[in-house]
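Have a look at the structure below, then the notes.
The values are calculated or read from the model by the stated rules, or taken from the named source; none is laboratory data. Not measured: the values here are computed from a predicted model. Here the Cβ positions follow ideal geometry from the backbone for every residue, glycine too, while neighbour counts run over all protein chains shown. The area values use the complete protein model at the heavy-atom level, side chains included, leaving out ligands, DNA and RNA. Shrake-Rupley method; radii C 1.70, N 1.55, O 1.52, S 1.80 Å.
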Amino acid sequence: ITSAVAFDILPLKLHPFSQSTPTGLDCVGWKRRISSPVITDGALDKTALTDDVGSEEDLYEDFRSSNHRYGHPGGGGEQLAINELISDGSVVYAEALWDHVTMDDQELGFKAGDVIEVMDATNKEWWWGRILDSEGWFPASFVRLRVNQDEPMEDYPLKVEGGKEDDSSSGTRRFGMGQTTKDQMRTNVINEIISTERDYIKHLKDICEGYIKQCRKRADMFTEEQLKTIFGNIEDIYRCQKKFVKALEKKFNKDHPHLSEVGSCFLEYQTEFQIYSEYCNNHPNACMELSRLTKVSKYVYFFEACRLLQKMIDISLDGFLLTPVQKICKYPLQLAELLKYTNPQHRDFKDVEAALNAMKNVARLINERKRRLENIDKIAQWQSSIEDWEGEDVLVRSSELIYSGELTKISHPQAKSQQRMFFLFDHQLVCCKKDLLRRDILYYKSRINMDDMEILDIEDGKDKDFNISVKNAFKLHCRDTEEVHLFCAKKPEQKQRWLKAFENERRQVQLDQETGFSITEVQKKQAMLNASKQHHSGKPKAVTRPYYDFLMRQKHPTLPTTLPQQQVFMLAEPKRKPSNFWQNISRLTPFRK
């Protein structure tokens, strides 16, 4: 995830296709029997409902037969508007969000940040575009439309000889009362930020009052646990965003929007925005629960009735629930656009620059937490592959494999040495023994609580405590019980890697405490249940080399030839450092007899 967040497309100037809403959410027409052509503000005309909709049963039947699902860029009214502009002779530009590497001569390759002229947007998945002299198909989900379509390809303001700005119309064109092109561009971005926030608040309100409130009245249909799964902490997000939009509007200069100073608002709320992490992590579970419920007709009817009662546009609940996921990844894009059109002399410049970095950090934190949650399934699978497991599950205290490798453990009182495999997780070090014949099978032996330990680097030579000569050694010393564990690595560099890993483990524990990261009991139980099901379904006990290779291939999927990679759950950053969990497993387990 990797699953993915699809960035919603930004509006063309003077054509507000979609704001912070899911694609098509603000431009989808009432299909079926409603006569009004387009609903742009989410409100339904009551007369249209009573005169043209027909009976409630007809509505439900139409709803069921339509199988409407949102989720692609260029859908609904937005795609029509783009094509209308193109057919009218207007030039439509899009900016690449990610690299598109292709060996197909019919496809258009580009890098993130490239500007593409969109020449045909008829197909919702693939658009035809041009960069310089090259033309070809490209995935629509890899780009976003530029906020300022009338912006020339070169940067503003233009420079002339002597380094001074050109006052001619070709240099610093002016709009209105002495407003330069760059000021106008900044006005466009500011207006977009304010309008998208207002629209976003309305959608959050609709979800909380239109769905959650009604669901709570039907205890016969929904448990509190189900509602928590479906809606996550969206009510907390709604309360946070209401305060945020008020702060934004206080900083908004209605008379001269380009003079607005909104950067400080993002800085003030950067910590509170971390609540999106819980929502984004829960969103796949929400989709699965909704998919399960909507197989039962009474839930389909109920959700449709909620939507109609709240006078919301014709989008299914899963489409509305994607809005917060899209919103948090849009902030870095908006702030980058705002910084681009903010002069360094502007009073808001430093705050916008800091806000951009802050929101990127928020996105990285959310991404990291999601990666950690993905890892708990792998940890559960790993534990299920260990023979003779004793005591509590690893997930009770840990959620990250920091390092793993083979060490010689020396124990009192006879200074007996044993070759063991060690797996360092946050909070604990797990010790396993290899099978004598099947070297890919591990047996659980013991574990050490790392919260009570201090690490001691031992010089080569005779150790006084164990009265033996050691090389590449270190000790784990328990401060409470004075218990000492002696370990030896085969090579000096291996020892150094272990010492570094212990530092990383303590740093990870401290970071989790500071950021409040934790895994719920439900998530832990579900991970262990999934691992148990896989084991009982006949999956090999040990992690074998073919299975490992399969996992490695899954980490680097290729772009399909028929459909673009639509949903890449990457928040703000398209490229992410891959998890090293299975690399550690492969490095430690020989996978051969």
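Here's the yes/no breakdown for (1) assigned by the TED database to the domain that holds Ala286; (2) β-branched (Val, Ile, Thr); (3) within 18 Å of Thr323 (Cβ to Cβ):
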| position | (1), (2), (3) |
| --- | --- |
| Asn188 | yes, no, no |
| Asn191 | yes, no, no |
| Lys217 | yes, no, no |
| Glu224 | yes, no, no |
| Thr229 | yes, yes, yes |
| Glu235 | yes, no, yes |
Among residues of region 209-232, those that are surrounded by fewer than 17 Cβ atoms within 10 Å (Cβ to Cβ) and under 30 Å from Asn191 (Cβ atoms), counted: 1
Residues satisfying the stated conditions in region 334-349, i.e. in contact with a Leu (Cβ under 7 Å, 6 or more places away or on another chain) and open to solvent by 60 Å² or more (accessible area, probe 1.4 Å): none
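Could you say which residue among Phe466, Phe423 is modelled with pLDDT under 90 and hydrophobic (A, V, I, L, M, F, W, C)?
Numbers: Phe423 fails: modelled with pLDDT under 90.
From the options Phe466, Phe423, the qualifying one is Phe466.
Just checking, does region 275-291 include any residue being assigned by the TED database to the domain that holds Asp351, open to solvent by 80 Å² or more (accessible area, probe 1.4 Å), over 23 Å from Asn188 (Cα atoms) and not hydroxyl-bearing (Ser, Thr, Tyr)?
To start, the set of residues in region 275-291 that are assigned by the TED database to the domain that holds Asp351 comprises 275-291.
Within this subset, residues satisfying the condition of being open to solvent by 80 Å² or more (accessible area, probe 1.4 Å) are 278, 288.
Going one step further and asking which of them are over 23 Å from Asn188 (Cα atoms), we end up with 278, 288.
Remaining after also requiring not hydroxyl-bearing (Ser, Thr, Tyr): 278, 288.
Yes, because at least one residue in region 275-291 is assigned by the TED database to the domain that holds Asp351, open to solvent by 80 Å² or more (accessible area, probe 1.4 Å), over 23 Å from Asn188 (Cα atoms) and not hydroxyl-bearing (Ser, Thr, Tyr).
Taking the options Val352, Val300, name whichever one is in contact with a Leu (Cβ under 9 Å, 6 or more places away or on another chain), at pLDDT 90 or above and buried (at least 22 other Cβ atoms within 10 Å of the Cβ).
On the way: Val300 fails: buried (at least 22 other Cβ atoms within 10 Å of the Cβ).
From the options Val352, Val300, the qualifying one is Val352.
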Test result for Gly263, on the phi > 0 side of the Ramachandran plot and at pLDDT 90 or above: no
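Residues that are open to solvent by less than 40 Å² (accessible area, probe 1.4 Å) and closer than 19 Å to Asn504 by Cβ: find the strands (runs of 3 or more DSSP E) completely inside region 390-470 holding 3 or more of those. Break it down stepwise before answering.
Details: elements: 401-411, 416-425, 428-434, 442-449, 453-458, 461-463, 468-470.
Where strands (runs of 3 or more DSSP E) fall fully within region 390-470 and carry at least 3 residues being open to solvent by less than 40 Å² (accessible area, probe 1.4 Å) and closer than 19 Å to Asn504 by Cβ, they are 401-411, 416-425, 428-434.
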Unmet requirement for Ser264, which otherwise passes all of (1) farther than 18 Å from His346 by Cβ; (2) open to solvent by 10 Å² or more (accessible area, probe 1.4 Å); (3) under 26 Å from the mean Cα position of the chain (by Cα): (1)
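Condition check ((1) within 12 Å of the chain's Cα centre (by Cα); (2) under 20 Å from Thr515 (Cα atoms); (3) in the same structural domain as Ser264 (by the TED database)) across all residues:
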position: Met359; (1), (2), (3): no, yes, yes
position: Ala363; (1), (2), (3): yes, yes, yes
position: Asn367; (1), (2), (3): yes, yes, yes
position: Gln381; (1), (2), (3): no, no, no
position: Ser385; (1), (2), (3): no, no, no
position: Asp393; (1), (2), (3): no, no, no
Some residue of region 247-257 being surrounded by fewer than 20 Cβ atoms within 10 Å (Cβ to Cβ), within 19 Å of the chain's Cα centre (by Cα) and either aromatic (Phe, Trp, Tyr) or within 23 Å of Lys350 (Cα to Cα) (or both): no
Selection status of Lys471, over 30 Å from Ser384 (Cβ atoms) and modelled with pLDDT of 90 or more: yes
Of residues in region 84-138 being open to solvent by 40 Å² or more (accessible area, probe 1.4 Å) and part of a helix (DSSP H, G or I), the one farthest from Glu337 (Cα to Cα): Ser87
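Answer with yes or no whether Leu486 is closer than 20 Å to Val430 by Cβ and modelled with pLDDT of 90 or more.
Numbers: closer than 20 Å to Val430 by Cβ: yes; modelled with pLDDT of 90 or more: yes.
In short, yes.
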Test: residue in region 117-138 that is under 22 Å from Pro332 (Cα atoms) and within 28 Å of the chain's Cα centre (by Cα): no
Inter-residue pairs, beta-carbon under 8 Å, first under 12 Å from Ile194 (Cβ atoms) and in region 233-255, second among the β-branched types (Val, Ile, Thr) and in a helix (DSSP H, G or I), 6+ apart: Val245/Ile201; Leu248/Ile193; Leu248/Ile194; Glu249/Ile194; Phe252/Ile190; Phe252/Ile194
